[in-house]
Amino acid sequence: MKLSSSIAAVVTGGASGLGEATVRALAAQGVKVAIFDMNEAKGEAVAAEIGGVFCKVNVTSDADVDAGFAKARAAHGQERILVNCAGTGNAAKTASRDKTTGEPKHFPLDAFNMIIQINLVGTFRCIAKSAAGMLSLEPLEDGERGAIVNTASVAAEDGQMGQAAYSASKGGVVGMTLPIARDLASEGIRVNTILPGIFNTPLMNGAPQQVKDALAMSVPFPKRLGYPEEYAQLALTMITNGYFNGEDVRLDGSIRMAPR
């Protein structure tokens, strides 16, 4: 797919971090970008900078996602590109002992379900609704109607202690990539997923410097945190390379996460 001002895109989680970098990279190529995010102040600011549109969207809500796509399409037309960056995480052991009383306890199931709903179901919700819209598009010269990029995590393959919910949600994104690509292949819509390692995002910026330094040193090469722009570069490659389809690609400096 050739990127230009005739192409519209939607980026979920586009107000910060990996999503914001992708929004800016697409806009730099002339693409009309809509940002789906919960952070209204940051989302509106980024949209204003790149000449895009902001849609306040909670990806766990059918109504929010429907309204977001309606607003984005009213402004820019039907999107040919969807990049799913919206997500979150938590940490708790499956079962453990209370540090004060020694009593056994387990991972709260509502907390487990919340992560699945945001990271996995939310991603699928946006894919399904975007792809249905893409079916209305005339194919481009090569028969392509659209391209979708999802965000999983290296935790999908080597999750750490306490990451059962997060790893399950991201493993689900990896697991559904090929079936969805196969579902949509006859309509000319490609689907790929990126598995980022440890990236320098706003979430990571809250960690103490010594923690960030230790994480950087754990990366085989280069010994640093990933730059959001590097994620965006791979996302654009997946979008523009027409033979890239049904793939899950680690972007992690060759790190393999230790148990803790």
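As an equivalent ellipsoid, region 1-65 spans semi-axes of 19, 13, 9 angstrom, where each value is the square root of five times an eigenvalue of the C-alpha gyration tensor, largest first.
Summarising the strand pairing of region 1-111, around 20 percent of its internal DSSP beta bridges are antiparallel.
Pairs exceeding a 32 Å alpha-carbon distance, out of LYS32/LYS212; LYS2/LYS170; LYS56/LYS170; LYS2/LYS56; LYS42/LYS170: LYS32/LYS212. Seen against the Cα atoms of the chain and their longest principal axis, helix 122-134 is set at about 10 degrees.
Express the C-alpha Rg of region 35-184 as a ratio against the empirical globular expectation 2.2 N^0.38 Å, rounded to two decimals. Walk me through the numbers before you get to the answer.
On the way: Rg = 18.3 Å, N = 150, 2.2 N^0.38 = 14.8 Å.
Against the compact-globule rule of thumb, the ratio is 1.24.
For region 1-111, what class follows from the C-alpha gyration tensor (a ≥ b ≥ c being the square roots of its eigenvalues): rounded when a/c is under 1.5, otherwise prolate if a/b is larger than b/c, else oblate?
Numbers: a/c = 3.11, a/b = 2.64, b/c = 1.18.
Cα axes put region 1-111 in the prolate bin.
Return one number: the angle in degrees, 0 to 90 and rounded to the nearest 10, between the long axis of the Cα atoms of helix 164-184 and the longest principal axis of the Cα atoms of the chain. Long axis of 164-184 versus the principal axis of the chain: about 20 degrees.
Placing R0 at 35 angstrom, the Cβ-Cβ distance between TYR243 and LYS93 gives a FRET efficiency of 0.25 after rounding to 0.05.
Taking GluC sites (Glu not before Pro) that fall in a DSSP loop and have at most 16 other Cβ atoms within 10 Å as cut points, what is the longest piece of the chain between them? Numbers along the way, then the final one.
Working: sites that count: GLU141, GLU247.
The reported range is 1-140.
Each of TYR231, TYR243 was scored by other Cβ atoms within 10 Å of its Cβ. Arranged with the fewest first, they read TYR243, TYR231.
Counting each DSSP H run of 4 or more residues in the chain as -39500 (n - 2.57), what helix-only mean residue ellipticity at 222 nm follows after dividing by all residues, to the nearest 500 deg cm²/dmol?
Values: 10 runs with 109 residues, N = 260.
For the chain, the value works out to -12500 deg cm²/dmol.
Against the empirical curve 2.2 N^0.38 Å, the C-alpha radius of gyration of region 139-260 lands at a ratio of 1.17. By the count of other C-beta atoms within 10 Å, a proxy for reagent exposure, LYS99, LYS71 are ordered fewest to most as LYS99, LYS71.
Only the coordinates and a few stated rules stand behind these numbers; no lab work does. Note that the structure is predicted; figures quoted are calculated from it, not measured. Cβ coordinates were reconstructed from backbone atoms using ideal geometry, including for glycine residues, and neighbour counts include every protein chain displayed.
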